[in-house]
Amino acid sequence: MALALSALCCALFPLVGAWPAWARTTLLLLWGAAVVADSPHFSALSARACGPEIVGSAFAFQNSLGFAITMVSIRLGTAWVGAWGMDIAWLLLPGPLLGLVGLYPLRRAGSERG
């Protein structure tokens, strides 16, 4: 749910230019909370998918990759925001959408088990 909420906030952000400041701020706070909330879920999935002897390495690799993607996104986003404006969020949208597509088989597998 957190990842889906993050994708929704990302998709809405470029459309909020005419919204009152309190509404834009609320959307940004909600988006920030959703982004933070989905990270532990990916760590839990990694822990379940890996053998106990490599969980630490998997976490280190996953976190390193995540931070690298975040640093590149922030660097490019801040460099291009002047030209793109709030539409810069469209460049971020594939991330959560691809994450949702990748998680879809796990959702179906979980509902069949339980």
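Values for this structure:
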| quantity | calculated |
| --- | --- |
| Residues of region 7-25 satisfying the condition of being of a type in the set (Phe, Trp, Tyr), surrounded by 13 or more Cβ atoms within 10 Å (Cβ to Cβ) and part of a helix (DSSP H, G or I) | PHE13 |
| Scope region 49-87; condition among the small types (Gly, Ala, Ser), exposed (fewer than 13 other Cβ atoms within 10 Å of the Cβ) and closer than 28 Å to VAL16 by Cβ; matching residues | ALA79, GLY82, ALA83, GLY85 |
| Evaluation of GLY102 against (1) surrounded by fewer than 13 Cβ atoms within 10 Å (Cβ to Cβ); (2) not basic (Lys, Arg); (3) not in a helix (DSSP H, G or I) (one fails), failing number | (3) |
| Residue match in region 38-55 (condition: in contact with an Asp or Glu (Cβ under 9 Å, 6 or more places away or on another chain) and either free of Cβ contacts under 8 Å to residues at least 24 places away in the same chain or within 24 Å of ARG107 (Cβ to Cβ) (or both)) | no |
| LEU15 being under 24 Å from TRP84 (Cα atoms) and within 15 Å of the chain's Cα centre (by Cα) | no |
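We did not get these values from a lab; they are worked out from the coordinates using the rules stated. Just so it is clear, the model here is predicted, and its values are computed rather than measured. FYI the Cβ positions are ideal-geometry reconstructions off the backbone, even for glycines, and counts take in every protein chain you see.
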